[in-house]
Amino acid sequence: MKIKQLSLFLENNPGALIRPVRLLAQAKFNILTLSIADSSQFGILRLIVDDWERAMKLLEKNGFVVKVTDMVAVQVADQPGGLAKILDVVEKAGLNVEFMYAFPEKHATKAVLIFRFNDPDSAILTFQKHGVNVVSRVDLQNGAED
């Protein structure tokens with residue numbers, strides 16, 4: 001149920017973002033979701049693609065340093081308080097959220113959040129114990145079910 005995320009360090013200057021995105025597009029990869037964070041010196045492009053192993057090899061072959069991270073995706077009610085309910089489960093379990101971002105597509109009345117936890121296996125077990133739907137990579141590709 002863990003989802004592999006690719007992280008790339010990019011220089012913070014014009015044109016740096018298009019290079020890896022163009023490579024992935026030319027090789028027919030589907031970027032399922034992404035996030036970019038920046039500082040004055042560099043940016044971190046985080047992305048989830050339809051075939052992370054092949055994408056990683058392509059990016060590394062073209063000079064990018066790629067880090068693979070285990071992520072946990074969960075469905076959350078797309079309504080006021082939906083995120084608070086998920087974070088309440090996280091807090092009570094003592095899990096540390098290192099970062100998170102939202103999947104861009106809503107699935108019926110649910111949104112999907114992508115989390116990086118200090119202990120993703122424990123997070124998955126905690127969510128399952130509390131009836132929170134953990135989403136797989138295949139679900140992200142095909143649309144998570146309610």
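Readers should treat all values here as calculations from the given coordinates under stated rules, not as data from a laboratory. Keep in mind that what you see is a predicted model, and the values were worked out from it rather than measured. Cβ placement follows ideal geometry from the backbone for every residue including glycine, while neighbour counts extend to all protein chains displayed.
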Starting from the Cα coordinates of the chain, work out the convex hull volume and express it per residue in Å³. 119 Å³
Amide H within-cut-off set for residue 117, under 5 Å, with H built and near neighbours excluded: 72, 98
Tell me, what ³J(HN,Hα) does each residue in region 88-96 have, in order and in whole Hz, if you take phi through Karplus 6.51 cos²θ - 1.76 cosθ + 1.60 with θ = phi - 60° and put x for Gly and Pro? 5, 4, 4, 5, 5, 7, x, 7, 9
Among 130, 102, 59, flag the residue with its Cα farthest along the positive direction of the charge dipole of the chain, charges on Cβ as +1 for Lys/Arg and -1 for Asp/Glu. 59
Go through 115, 20, 47 and say which Cα lies farthest out towards the positive end of the charge dipole of the chain; charges sit on Cβ, +1 for Lys and Arg, -1 for Asp and Glu. 20
Given the options 102, 93, 55, which has the most mean-square fluctuation in a GNM of the chain, springs set between C-alpha atoms less than 10 angstrom apart? 93
Read phi for every residue in region 55-67 and hand back ³J(HN,Hα) as whole Hz from Karplus 6.51 cos²θ - 1.76 cosθ + 1.60, θ = phi - 60°, with x for Gly and Pro. 5, 4, 4, 4, 5, 5, 4, 9, x, 8, 8, 10, 10
Placing unit charges on C-beta atoms (Lys and Arg positive, Asp and Glu negative, everything else neutral), compute the dipole magnitude of the chain about its Cα centre in debye, rounded to 20. 360 debye
Output ³J(HN,Hα) for region 35-47: one whole-Hz value per residue in order, computed from phi by the Karplus curve 6.51 cos²θ - 1.76 cosθ + 1.60 with θ = phi - 60°, and x for Gly and Pro. 8, 9, 10, 9, 9, 5, 9, 8, x, 10, 8, 10, 8
Computed [θ] at 222 nm, helices only, for the chain once each DSSP H run of length n ≥ 4 contributes -39500 (n - 2.57): -9000 deg cm²/dmol
DSSP loop trypsin sites (Lys or Arg not before Pro) with at most 13 other Cβ within 10 Å: longest gap in the chain: 29-105
At each listed q (0.16, 0.17, 0.22, 0.25 Å⁻¹), what is the log10 of I(q)/I(0) that the Debye formula gives for region 3-69 modelled as equal alpha-carbon point scatterers? -0.46, -0.52, -0.90, -1.17
Pairwise label distance in nanometres, residue 41 with residue 136, each label 7 Å out on the Cα-Cβ vector: 4.1 nm
Residue of 136, 122, 39 that the Gaussian network model of the chain assigns the largest fluctuation, springs spanning Cα pairs under 10 Å: 39
Among 49, 134, 90, whose mean-square fluctuation peaks in a Gaussian network model of the chain (Cα, cutoff 10 Å)? 90
Total charge dipole magnitude, region 71-141, about the Cα centre, Cβ charges on Lys, Arg, Asp, Glu only, Debye to nearest 20: 140 debye
If the limit is 19 Å between Cα atoms, which of 4/57; 28/61; 28/57; 4/110; 4/92; 85/129 go over it? 4/110; 4/92
